[in-house]
C-alpha cells in the first residue's frame, strides 16, 4: 500500500507538471503568433509623412518649438513602412537627445499604427559671444545662446529673446565649467531681483569678482560686485548714483566690492 500511494503521488506530480508545461507552451505559441501578426500586418505600419507637418502621418511630435522637426522625423526614417512594434524606443530616444535644443524626449507607441514623441526643449538664459578660431584665419565671432546646464545653442531663425550677454564663457570650456559660470550669473540675477532689468551684460571671467554693465540714466555703467551681496551692493549704488555722478561726471566704471565705499575707476 505505501508503495502504491507513493506511485500515485508521483503520477499526480507528473500530470500537474505536464499541465503547467502545456499551458506555458500554448501561451508561448499564442504570444509568438500575436507578435508575428503585429509585426507584419499592415494595420500596424507606421506611415511616413507626405509633407512637412503632415498631421495624418503616423509620427506625432509634441513640444517642438525651436528644435528642428525635420531632424526629429529623420530619427524615425528606418521605422516608416514597418510595424510600430519593431521600433526600438530606447535607441530612438538616445538619438533624439543628440539634436540641438532637445533636453529630454519620451517616445511611445500609439496603437495600432502611430508613434508619439514628446519633446522637452532647453530653456536659454543668456546670450554668449563666442570667438571661433580657425587655422590660418582670423578669429570670428558667433552669437549663441546658453541654458542653465551650460549647453550652447544656436539661435533659431527669426527668434527674439531678451537675455543679458554672458561674458567669460567659451566653446572650449567643458560643459561642467560653463554650467558653473552660468550658475553664478543666475545667482546674481536672483539676488538683484527687479534691478536685473537694467543689466545688459554679466562678466564671469573671474568667478571671484563678477562684474556687469547696467544701463541707468542713459549711460552704460561697468560695476564690479565681487562674489557676494550682489543685491545690496547694486541697490546701494543705484540709490546714490545721482550724488556719485555729480562728483564723477565722467565716471562709467566703479568698484563696489567694499560695502562701505564706492570707488570710481580710472
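Extension gain residue 148-residue 77, at 0.36 nm per residue separation less the Cα-Cα distance, in nm?
Working: separation 71, 0.36 × 71 = 25.56 nm, distance 3.19 nm.
Gain on stretching residue 148 to residue 77: 22.4 nm.
Kirkwood Rh, Cα Rg: Rg to Rh for segment 43-121? Don't skip to the answer; put the middle values down first.
Numbers: Rg = 11.4 Å, Rh = 12.3 Å.
Result for segment 43-121 is an Rg/Rh of 0.93.
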10 Å-binned pair-distance histogram of segment 64-162 (Cα, whole percent): 14, 37, 26, 17, 6, 1
Two-site label geometry, residue 263 and residue 220: point separation in nm, points 7 Å out along Cα→Cβ: 2.5
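Could you check how many percent of all C-alpha pairs in segment 134-202 are farther apart than 16 Å?
Values: 1283 of 2346 pairs.
Cα-Cα pairs of segment 134-202 separated by over 16 Å account for 55 percent.
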Cα centroid separation, segment 150-185 to segment 191-266 (Å): 22
Separation of the residue 98 and residue 179 label points, Cα + 7 Å toward Cβ, nm: 2.1
Two-site FRET efficiency, residue 111 against residue 65, from Cβ-Cβ distance with R₀ of 35 Å, rounded to 0.05: 0.80
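Full-extension gain between residue 171 and residue 43, please, as 0.36 nm times their residue separation minus the C-alpha to C-alpha distance. Each step should come with its number before you reach the end.
Working: separation 128, 0.36 × 128 = 46.08 nm, distance 4.80 nm.
So the chain would gain 41.3 nm between residue 171 and residue 43.
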Shape parameters for segment 164-266, alpha-carbon atoms, Rg then Dmax in Å: 13.7, 45
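For residue 50 and residue 132, what does the FRET efficiency come to when R0 = 41 Å and r is the distance between their Cβ atoms, rounded to the nearest 0.05? Display every interim value, and only then the final one.
Values: r = 39 Å, r/R0 = 0.95.
My answer for the efficiency is 0.55.
With the contact rule set at Cα under 8 Å and sequence spacing of 6 or more, what percent relative contact order holds for segment 165-266? Before the final figure, lay out the partial values.
Details: 145 pairs, mean separation 21.0, N = 102.
Relative contact order, segment 165-266: 21 percent.
Bear in mind these aren't lab numbers, they're just calculated from the coordinates by the rules spelled out. The shown structure was predicted, so the numbers you read here are calculated from the model rather than taken from an experiment. Here Cβ is always computed from backbone atoms with ideal geometry, including for glycine, and neighbour counts include all displayed protein chains.
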